[in-house]
């Protein structure tokens, strides 16, 4: 594991007010707590670098709480910790959060008391991703829609276990990340196929949010809908795999291998819906500073992504077409972005 510079990455357009961070010293714990897995890492902060000490990945739902997971982590003979930041998938209010897709409750004051660590921060996982953008190199990004970075707000949207969204407010000099819960807003159909899909999901779930569609489970929902809509027979080999493996992974792999047309059609519809909601987010935040697509799904399906489909859908925006032409959209390829974001935030706490 290589040391990570805490300086703004060369070529990065995302800059935060983190002066004198090179003077921070101590050991920080960075946690990326998601509905499927939790990544925990220890870093020693020294001379403006994060020096990796230890990293582990856990299945979130195998534990009843962060404290139970932390007990396992502590068995690794960790050094004394000076600062903690956890990025948690859920709405954080006054340092407290209940997981959106898992049953944990995380409270930064309780962590301070039980672990005896004074500097603790609990932030939203997409806010953590936003902080991590500043440490990305150009090789960590893949442009999917070109344009020109202009002074203004930026945004991040991340399909994974759920659908996360966050904004980065531009103050004229620096960005300031803030969390949002736009993934839970209502899905809005654009054409007759979308209406049929909405009805399909509405019958099963009632209210239909974007997270029902643009997520790992969302890809499975898209596939199930298309299977019913076309009335086709599911191949036995595919039926067996999707019952015993991660459905989203099976659909993606089948689309990649070209051995099942419905899998490729599912990926295309997923891309169209992602482009639609990405454009909505760009409009809501006037994100001339750029849009970043995070999460674990897009890097995995990138070879199957129809870039022209994404771009044409993104531009279906009516009279705001001139604005949307300017907005750059990048896919984040670095799977450690959220972890590095929480490490950066924990380091900032050292300076308080």
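Taking only Cα atoms and a 10 Å spring cutoff, compute GNM fluctuations for the chain and point out the largest among 309, 86, 135.
Result for the chain, Cα springs under 10 Å: 309 fluctuates most.
More than 19 Å apart: what percent of Cα pairs in the stretch 139-333 qualify? Could you put the intermediate results ahead of the total?
Values: 11187 of 18915 pairs.
The answer is 59 percent, as a whole percent.
Can you pull the one-decimal nm distance between simple spin-label points at residue 114 and residue 57, each 7 Å off the Cα toward Cβ?
2.5
For the Cα atoms of the chain, what angle does the longest principal axis make with the long axis of helix 216-230, in degrees from 0 to 90, nearest 10?
In the chain, helix 216-230 runs at an angle near 0 degrees to the longest axis.
Connecting C-alpha atoms closer than 10 Å in a GNM of the chain, tell me which of 77, 129, 330 has the biggest fluctuation.
The residue with the greatest mean-square fluctuation here is 77.
Only bridges with both residues in the stretch 139-333 count here: give the DSSP antiparallel percent, nearest 5.
Taking every DSSP beta bridge with both residues in the stretch 139-333, the antiparallel ones total about 75 percent.
Which log10 I(q)/I(0) values, to two decimals, does the stretch 202-294 give at q = 0.13, 0.24 Å⁻¹ under the Debye formula with one point per Cα?
-0.50, -1.25
Taking the Cα atoms of the chain, report the difference between the largest and smallest coordinate on each principal axis, in whole Å and largest first.
60, 46, 35
Taking 0.36 nm per residue of separation and subtracting the Cα-Cα distance, what length does fully extending residue 49 through residue 75 add?
Working it through step by step, the gained length comes to 6.8 nm.
Treating the Cα atoms of the stretch 73-121 as identical point scatterers in vacuum, please give the log10 of the normalised Debye intensity I(q)/I(0) at q = 0.17, 0.30, 0.32 Å⁻¹, two decimals.
Those come out to -0.56, -1.14, -1.19, one per q.
Taking 0.36 nm per residue of sequence separation and subtracting the Cα-Cα distance, how much length would be gained by fully extending the chain between residue 207 and residue 20, in nm to one decimal?
Full extension of this stretch gives 62.6 nm more.
Which of the three applies to the stretch 269-352, rounded, prolate or oblate, going by the alpha-carbon gyration tensor with a ≥ b ≥ c and a/c under 1.5 meaning rounded?
Details: a/c = 3.35, a/b = 1.57, b/c = 2.14.
Note, shape of the stretch 269-352 comes out oblate.
Between residue 65 and residue 249, 0.36 nm times their residue separation minus their Cα-Cα distance comes to what?
Gain on extension, residue 65 to residue 249, equals 63.5 nm.
If packing is taken as the average count of other Cβ atoms within 10 Å, what order do 28-39, 62-73 fall into, highest mean first?
28-39, 62-73
As a test of the formula, what do you get for the chain when each DSSP H run with n ≥ 4 contributes -39,500 (n - 2.57) and the sum is divided by the residue count, at 222 nm and rounded to the nearest 500 deg cm²/dmol?
Only helices count here, giving -11500 deg cm²/dmol.
No lab work stands behind these numbers, since they all come straight from the coordinates. Just so we're clear, the structure is a prediction, and the values are computed from it rather than from any experiment. Virtual Cβ from ideal backbone geometry, glycine too; neighbours counted across all protein chains shown.
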